[in-house]
Amino acid sequence: MSRRSARDPVEFVEERLGGARGLRFLMSYVFPDHWSFLLGEVALYAFVVLIATGTFLALFFSPDLGTAVYHGSDPALQGQSISSAYASTLKLSYHVSGGLLMRQTHHWAALLFLAAITLHLLRIVFTGAFRKPRDINYFIGVTLLALAILEGFAGYSLPDDLLSGMGLAIAWAVAMSLPLIGGPFATALWGGRFPGTSVFESRLYIAHVFVLPAILATLIAVHLAIIMRQRHSQFPGPGRREDNVVGTPMWPAYALRSLGLFAAVAAVLVLMGGLIQINPVWLWGPYHPYLGTNGAQPDWYLGWLIGALRLMPNLEISVFGHTLVPNPFFGGVLFPTVVFALLYALPWLDRRFISRDPARHDLLQSPRENPRRTALAAAVFSAVAIVFAAGSADRMFFQFGFGYEGAIWFFRGAFLAIPVAVFVITRRICLELAVEREHPLRGWSGRIVARDASGGFAPVDAGSTISEASDHGGST
Amino acid sequence: MASRLWKALVVLVLWAWGALRPRRRARARRREVDPSRRDAGSPAWVERTLLGLLAAIPLSCAAFAVLYILDPNTQLLGLALGAALALLAAALILAGKRLLPQETKVEERPIPGDRQAVDEVLEQAHAATDGITRRGLLLGAAGAAGAGLTAAVAVPVVALGPGIEDQLSRTPWHAGRALVDEQGAPLAAAAIREGSFVTAFPEGADKENLDAPVVLVRVDPASLRASSERAGWAPMGILAYSKICTHAACAISLYRAPLSPSTQSRGPALVCPCHYSTFDVLDSGRVEFGPAGRPLPQLPLSIDAQGTLRAAGPLSGPVGPSWWGDAR
Ligand code: FES
């Protein structure tokens, strides 16, 4: 583009709104180069793919539980009475051109969205990027994770196939298990006792396509605005200080690379959507409360919740023949509440107890530089990971034949023991690394020995040089 | 020895870490180092490759369009669109990394924290109440007004739900109600064999209701361990339990029925596929394993003169998951 033709639109905006300064700020915004900084970008781009594919799907999906007898093209479902929600999902998969591609891409994008957010969170926690002044943005990030889990669950609950129904039954029981308000709350939300009335499906739909995405988009925008205001954090390095940022400016190279990342994320998702089957709802069949299937697994990001529900022993607290705390409360409410409470409290915990450092930090830490925080975080995440693994104990039985009950007892023990071991080991590794500093394989770590006149060897002072050593050897 | 082991572990970790990172980050040098630099110009192959990549994109897009109209096959569509995006990604990243001037820049970071501005804001804010004597009272009244409004706006939430009690405690089961299968045909006692697992519903009731579905299994009457009050509930050894798990409302769709002596060590059990709560069939639906906190409600059965199964009373307890304050 010649300089002249580019001038007109910039001038147009500048003369009316005065955007040229802002544009200049954007163009010279500096991105420190580190691969781990791309995780958040991947999440952002997965979200864009979700909005694009989701908009397409919304054109064809009908959030209606009214039933009709199926006469479509799937022979396995012929003559069954199924809901419009399920029928429209089948129709958009079978008959809308590119419909299945969009649906599968949407589902893969949701899985990637949450995976990227989770890895991004790990990066933030282990490098101390949540510290002042980024604590405020960290809270937004944790909120985004919670909302994204809800959004994902709402999404795969919509099609009214057998798996969505089973998931919703559990969600209803978890809602019922809330202290004090559980019964009325769940009944109100579902418009009656589970499976509820058609109003629930439309509430779920509005939550999934409007309320939650709108909140997510707003929070993402605020998240980015705060980053730009504070500038990126950076790892220590040559010329990098607390009060500067060293890296590639947005224009021109970084903008292109980042757009390239967007295209790459979209490409991978579209290829997966086209080539790898996900959630074939026609195989599950329609949901009825009296139907269930074995080996059902939720989307991966709910694995830790199903694991918690499965690990919990059959405790239910009651007084005088009335329930106080139903069992799903422990795995479905208490466990995620504790995990998220820990996440939200992390900046404060770190300031008060872990690093005991209230100062402002724009330079990141390597995990080894803060052994206590790294070890604690690793222990907490390992506990969550074990619960997550316990959620697939039934698959382990199917795949490898490990007895289910034994596996559950194993995981209950592991949940108590492994985090302690992880804490000790991680802390030790960090301390060793911090002491070693240099790469032990590359730095000098040998010892000088000298041969004395009698033919024996004796170690020489670490400070002395070889020539000194030979002198030393010669004098004896 | 232990410390050697640690060293070995550390070396291993470091080695893996170092192998992943091609270059070691240079040690922080003096503070004044200015890493700014700018390299422009690129080798000739970059522009040629870029041209090739960019030229392939429209082809891939055209393939997508043609496929979409002629043969919207999911795999081919995904390949065509995915290829176009992958080419674009390659082109953008190549251009960003090799074609365009590569710059490292240093930008000053604005560090906020202007104490004086804070003081000024507070001063100005407090100035608003100058000359007001009943500050506390007014504030309290304003708070009450706000709370009242919030409550008033929240009241319509009540419209969401019908009363909970009748919703959660209505039951279609009573003595004499016939059991029917999914198609609505009455179930004959003779049709329930040992090892079979049959879902039944109350005749004429809504099958989607959580109270409706029960499972029928049959065992050797001599093996039953039920209490005396449930003595007559299982005519011919046929037992009926609610099909809705007392843990979290999934349908109990697995039946562990030991058919050969080698698996006889444990008795028949109903198993929920959601979190594998396991209910003892012989012992009044007692929880044998898994998270469910209450036994599975049992439906007393009777067999009428025609040999059809009928309920002999209501279910023995509330169906499905518990909630705060429910009667167990
Ligand atoms: S719903 Fe049956 S075990 Fe959880």
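Which of the lysines could be linked to B:K243 by a straight reach, that is with a Cα gap under 19 Å, when you skip same-chain ones fewer than 8 residues away?
Correct list for B:K243: B:K207.
Work out the mean other chain Cβ neighbour count within 10 Å for the residues of B:92-98 and drop it here as an integer.
Per-residue shielding by partner chains comes out at 6.
Estimate the FRET efficiency between A:Y344 and A:L416 by the formula 1/(1 + (r/R0)^6), using the beta-carbon distance for r and 25 Å for R0, to the nearest 0.05.
Once the sixth-power term is evaluated, E becomes 0.55.
What number comes out for the charge environment of A:F210, summing +1 per Lys or Arg and -1 per Asp or Glu over other residues with Cβ under 15 Å away?
Here the count lands on -1.
Kindly provide the helix-only [θ] at 222 nm of the protein assembly as shown, computed as the sum of -39,500 (n - 2.57) over DSSP H runs of four or more divided by all residues, to the nearest 500 deg cm²/dmol?
After summing the helix terms and dividing by residue count, I get -16000 deg cm²/dmol.
Using only atoms on other chains, find how many Cβ atoms lie within 10 Å of each Cβ of peptide A:226-239 and report the average.
3
Write down the accessible area per residue of the stretch B:179-324 in Å², having rolled a 1.4 Å probe over the full set of protein chains.
That works out to 37 Å² for each residue.
Quick one: accessible surface of A:R7, probe radius 1.4 Å, all protein chains present, in square angstrom to the nearest 10.
140 Å²
Sorting check: for A:195-204, A:277-286, B:318-327, which peptide has the highest mean count of neighbouring beta carbons within 10 Å, and how do the rest follow?
B:318-327, A:195-204, A:277-286
Going by average Cβ density within 10 Å per residue, which order do the peptides A:405-416, A:121-132 take, highest to lowest?
Output ranking for A:405-416, A:121-132: A:121-132, A:405-416.
Through the Karplus equation 6.51 cos²θ - 1.76 cosθ + 1.60, θ set to phi - 60°, convert the phi angles of the stretch B:288-297 into ³J(HN,Hα) values in whole Hz; use x for Gly and Pro.
Going residue by residue, I get 9, 7, x, x, 4, x, 9, x, 6, x Hz, with x marking Gly and Pro.
So which cysteines of the protein assembly as shown have no other cysteine's Cβ under 4.7 Å from theirs?
Those would be A:C430, B:C61, since no other cysteine Cβ in the protein assembly as shown comes under 4.7 Å of theirs.
Averaged across the residues of A:89-98, what count of C-beta atoms belonging to other chains lies within 10 Å of each residue's C-beta?
That works out to 2 on average.
Counting Lys and Arg as +1 and Asp and Glu as -1, what is the net charge of the other residues whose Cβ lies under 12 Å from the Cβ of A:F200?
Once positives and negatives cancel, what remains is -1.
Pop out the ³J(HN,Hα) list for the stretch B:102-117 in order, Karplus 6.51 cos²θ - 1.76 cosθ + 1.60 with θ = phi - 60°, rounded to Hz; leave Gly and Pro as x.
9, 10, 10, 10, 10, 10, 5, 9, x, 10, x, x, 8, 4, 5, 4
Amide H to amide H, which residues 5 or more places from A:Y29 or on other chains are under 5 Å from it, using H placed in the peptide plane?
A:M250, A:W251
Work out the P(r) tail for the stretch A:298-356: percent of alpha carbon pairs separated by more than 13 Å, whole number.
Pairs farther apart than 13 Å: 69 percent.
B:E288's amide H: which non-local residues (gap 5+, or another chain) put their own amide H closer than 5 Å, with H modeled 1.01 Å from N in plane and none for Pro or chain starts?
Answer set, sorted by chain and number: B:T278, B:F279, B:D280.
Could you pull the accessible area for B:I69 with a 1.4 Å probe, rounded to 10 Å²?
130 Å²
Treating chain A as a set of equal point scatterers at the Cα positions, no solvent, please give the Debye-formula log₁₀ I(q)/I(0) at q = 0.07, 0.09, 0.10 Å⁻¹.
-0.51, -0.78, -0.92
Cα centroids of the stretch A:1-76 and the stretch A:393-427: how far apart, whole angstrom?
First find each Cα centre; the distance between them is then 41 Å.
Roughly how many whole Å is it from the C-alpha centroid of the stretch B:192-260 to that of the stretch A:195-244?
Centre-to-centre distance over Cα atoms comes out at 49 Å.
Please turn the phi angles of the stretch B:58-64 into ³J(HN,Hα) values with the Karplus equation 6.51 cos²θ - 1.76 cosθ + 1.60 (θ = phi - 60°), one per residue in order, whole Hz, x for glycine and proline.
So the J values, rounded to whole Hz, are x, 4, 4, 5, 4, 4, 4.
If you add up the charges near B:G78, with Lys and Arg at +1 and Asp and Glu at -1, over every other residue whose beta carbon is less than 15 angstrom from its beta carbon, what do you get?
Taking every Cβ under 15 Å from that of B:G78, the sum is 0.
Taking a ≥ b ≥ c as the square roots of the eigenvalues of the Cα gyration tensor of the stretch B:80-238, is the shape rounded (a/c under 1.5), prolate (a/b larger than b/c) or oblate?
It comes out oblate by the Cα gyration axes.
Just to verify a number: what accessible area does A:F61 come out at with the full protein assembly present, 1.4 Å probe, Å² rounded to tens?
Solvent-accessible area, nearest 10 Å²: 30 Å².
Where does the Debye-calculated log10 I(q)/I(0) of the stretch A:34-309 sit at q = 0.11, 0.17 Å⁻¹, using only Cα point scatterers of equal weight, no solvent?
-0.71, -1.40
How high is the relative contact order of the stretch A:31-147? Use alpha-carbon pairs under 8 Å, at least six apart in sequence, and give a whole percent.
Relative contact order comes out at 31 percent.
Modelling each spin label as a point 7 Å along the Cα-to-Cβ direction, I'd like the A:L275/B:A16 distance in nm, to one decimal.
Modelled inter-label distance: 2.8 nm.
Tell me which lysines have Cα within less than 17 Å of B:K97's Cα, excluding those fewer than 8 residues away on the same chain?
B:K105
Hey, what's the Cα Rg ratio for chain B versus the globular rule of thumb, 2.2 N^0.38 Å?
Cα-based Rg divided by the globular estimate yields 1.86.
The values are calculated or read from the model by the stated rules, or taken from the named source; none is laboratory data. Fair warning: this is a prediction, and the values are worked out from it, not measured in the lab. No Cβ is skipped: glycine too gets one built from the backbone with ideal geometry, and neighbour counts run over all protein chains shown. With ligands, DNA and RNA removed, areas are computed over all heavy atoms of the protein, side chains included. Shrake-Rupley method; radii C 1.70, N 1.55, O 1.52, S 1.80 Å.
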